[in-house]
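Data block below; observations after.
The values are calculated or read from the model by the stated rules, or taken from the named source; none is laboratory data. If you're wondering where the values come from, they're calculated on a predicted model, not measured in any experiment. Backbone-built Cβ (ideal geometry, glycine too); neighbour counts: all protein chains shown. Surface areas here come from the heavy atoms of the whole protein model, side chains and all, with no ligands, DNA or RNA. Shrake-Rupley method; radii C 1.70, N 1.55, O 1.52, S 1.80 Å.
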Amino acid sequence: MPRNLIDIVDLSVEEINELIATAEDIIANPAKYQDACAHKQLATLFFEPSTRTRLSFESAMLGLGGSVLGFSSASSSSTAKGETVGDTIHTVSCYADIIAMRHPKEGAPLAAAQVADVPIINAGDGGHNHPTQTLTDLLTIHREKGRLDNFTIGFCGDLKFGRTVHSLVNALSRYSNINFVLISPLELKLPRYVKEEALKKKGIPYTQTTDLESVIPQLDILYMTRVQKERFFNEEDYLRLKDSYVLTPEKLVNAKSDLSILHPLPRVNEISVAVDKDPRAAYWRQVKNGKFIRMALIMKLLGIEV
Amino acid sequence: MNIDSIQNGVVLDHIQAGKSMDIYKYLHLDELDCQVAIIKNARSEHMGRKDIIKIDYPLDLDLDVLGYIDSNITVNIIRDGKRVEKKHLELPHKLVNVIHCKNPRCITVSESQLDAIFLLSDPAKHTYRCAYCETAIDKKF
Ligand SMILES: [Zn+2]
C-alpha cells in the first residue's frame with residue numbers, strides 16, 4: 001500500500017479490491033470498526049470549499065472512533081496570509097496523524113506529500129484528480145452489481161471536462177470485459193487522449209453516440225454527469241442540447257430492470273427528481289458508499305487492521 | 001587559446017548546427033571564468049554541418065540537461081591533452097528544474113520555490129509531463 005493517495009493510479013487493482021473488501025466488511029459489521037482509529041486525528045484541509053467531500057471524510061473518521069480538525073476554506077487558513085502549501089502541511093503534520101486536503105491548484109497534494117511525514121489523501125486538486133470519488137464509484141458498482149467486470153456502462157453528459165468520468169474510465173479499463181458507451185453532445189466528447197490511453201491501446205471496445213434513448217436498453221450502469229451551460233459557445237446550442245441529456249422516468253421506460261444509475265453529485269437538473277423514487281437510482285446509496293470507502297482508505301493508510 | 005588542444009576540459013561535439021548558443025545559455029557557460037570556444041558550422045561527415053563547444057575547464061556537466069536538449073551530442077572528457085572518456089547521452093527519465101510548467105492552474109506556477117519536476121511520458125515524441133499537473137511539454141529544441 002502506498003503512503004499517500006494522490007492519483008487513483010497510485011493504487012494497483014489488488015489494492016483497490018482490498019479497499020472494496022474492507023468497505024464491504026465495514027458496511028456489514030460497523031460495530032467491529034467503531035474504535036479502529038481511536039485516539040487518531042484526521043485533518044481536513046480544504047483550501048477550497050467542498051462541504052460534501054469534507055463531511056464525508058469527517059463522518060468516516062468519526063465512524064472509526066477518531067477525531068477531526070481542520071479548516072473549510074482558504075480564507076480561514078493561513079494561506080490567506082500567503083503561507084505556502086508546504087508550510088501549512090508541515091505545521092499540520094505536527095498535530096494530525098493523516099491529512100485529507102482539497103486545493104484549487106493542480107498538483108498541490110503532491111507538493112504536500114513532499115514535506116508531510118503523515119499520509120496525504122487528495123480530496124480534489126482543481127480539475128485534476130479526485131481519487132476518493134473514483135473509489136466511491138467503484139465501490140458503488142461493486143455493491144450494485146456484485147462485481148467489477150462483465151458489464152456495459154454508459155457515461156452520459158459532459159465527457160470532455162468531467163474529471164470523474166476520465167478517472168473512472170481509466171480505473172475500469174483495468175478490469176475485464178467491460179463495454180463502454182460514451183453518450184454526449186459532439187462538443188463534449190471524451191477527449192482523444194483518454195480514449196487513446198485508457199481504451200484504444202488496450203483494445204477495449206467502446207461506442208460513441210449523441211443519443212441517450214437509443215442506447216439505454218443495453219446498459220447495466222448509467223453514469224450521469226452535468227452538462228454545464230458555461231461549456232457552450234452559444235446559448236442556442238445549449239438550449240438545443242440540454243434536455244436530451246436530462247434523465248426522466250420516460251427515458252427509463254426501455255432500460256433494464258436492474259440498471260444502476262450513478263451520479264457524482266451535486267446535480268442541477270440532469271436527473272429529474274421523479275427518478276429518485278426509482279429503485280434503480282443508486283446515487284444516494286453512492287453518497288453513503290463514499291463514507292465507507294473513505295473509512296477503509298483511512299485505515300489502510302494508517303496501517304490499522306481490525 | 002588553441003582551440004584544437006585543450007589540456008583539461010570538455011568538448012561537446014555533434015551539436016546540431018546553429019544550436020550551440022542555446023546550449024551555451026542553458027548550461028550557463030557565460031558564468032564560467034575559463035576559456036570557452038564555440039565553433040559554428042564545422043564540417044561533419046555524418047551531419048553535413050555541426051557546432052562544437054570546447055571548455056577549457058574540467059566542468060561537471062549536467063548530462064540530464066544536455067540529454068534533454070539534444071541526445072545526439074557527444075561529450076568528450078579531455079585530460080592532459082588526451083580524450084579519456086566519450087559519453088553518449090540519452091533522454092533523461094526525470095528533469096528537475098530544467099523546464100517549467102506553463103499551466104496557470106499548476107501549483108508550481110503559484111509556488112515557484114517548488115522543484116519543477118517533469119517525467120518522460122513518450123520517448124518517441126520526446127514528450128515530458130509535469131509531475132504535479134500532468135501537463136505535457138513537447139521538446140523545445
Ligand atoms: Zn504543472
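Can you find, within region A:97-117, the residue that is surrounded by the most Cβ atoms within 10 Å (Cβ to Cβ) among those that are closer than 22 Å to A:Gln133 by Cβ and away from the ligand (no atom under 16 Å from the Cβ)?
Result: A:Ala100.
Please go through region B:89-114 and pick out each residue that is over 18 Å from A:Asp125 (Cα atoms) and either more than 15 Å from the chain's Cα centre (by Cα) or within 12 Å of the ligand (Cβ to nearest atom) (or both).
If we filter region B:89-114 for residues that are over 18 Å from A:Asp125 (Cα atoms), which is where we start, we get B:89-100, B:113.
Selection gives B:Ile99, B:His100, B:Gln113.
What are the pairs with Cβ atoms under 8 angstrom where one residue, in region A:229-243, is among the aromatic types (Phe, Trp, Tyr) and the other, located anywhere, is open to solvent by 90 Å² or more (accessible area, probe 1.4 Å)? Sequence gap at least six, or different chains.
A:Tyr238/A:Lys229
Among the residues in region A:247-269, are any within 22 Å of the chain's Cα centre (by Cα), closer than 19 Å to A:His130 by Cβ, in contact (Cβ under 8 Å) with a residue 12 or more places away in the chain and in a helix (DSSP H, G or I)?
No, region A:247-269 contains no residue that is within 22 Å of the chain's Cα centre (by Cα), closer than 19 Å to A:His130 by Cβ, in contact (Cβ under 8 Å) with a residue 12 or more places away in the chain and in a helix (DSSP H, G or I).
Among residues belonging to region B:97-113 that are in contact with a Phe, Trp or Tyr (Cβ under 8 Å, 6 or more places away or on another chain) and not polar (S, T, N, Q), point out the one that is farthest from the other protein chains (Cβ to nearest Cβ).
Ranking the qualifying residues of region B:97-113, first place goes to B:Val98.
Just to check your reading of the model, which residue among B:Ile73, B:Ile99 is of a type in the set (A, V, I, L, M) and not assigned by TED's automatic domain parsing to the domain that holds B:Ala37?
B:Ile99
Looking at B:Ile137, B:Ile78, B:Ile117, which one is modelled with pLDDT of 95 or more and surrounded by 13 or more Cβ atoms within 10 Å (Cβ to Cβ)?
On the way: B:Ile137 fails: modelled with pLDDT of 95 or more; B:Ile78 fails: modelled with pLDDT of 95 or more.
After applying the criteria, what remains is B:Ile117.
Note down all Cβ pairs under 6 Å where the first residue falls in region B:119-133 and is within 11 Å of chain A (Cβ to nearest Cβ), the second is open to solvent by 80 Å² or more (accessible area, probe 1.4 Å) and within 11 Å of the ligand (Cβ to nearest atom), and they're at least six residues apart or on different chains.
B:Ser121/B:Arg129
Give the number of residues within region A:272-296 that are buried (at least 23 other Cβ atoms within 10 Å of the Cβ) and basic (Lys, Arg).
The number of residues fulfilling the criteria is 1.
Go through region B:120-134 and give me each residue that's within 11 Å of the ligand (Cβ to nearest atom), under 19 Å from B:Ser71 (Cα atoms) and open to solvent by 70 Å² or more (accessible area, probe 1.4 Å).
B:Arg129
Failed condition for A:Asp276, given (1) closer than 18 Å to A:Gln133 by Cβ; (2) assigned by TED's automatic domain parsing to the domain that holds A:Glu230; (3) not in a loop (DSSP other than H, G, I, E, B), with all others met?
(1)
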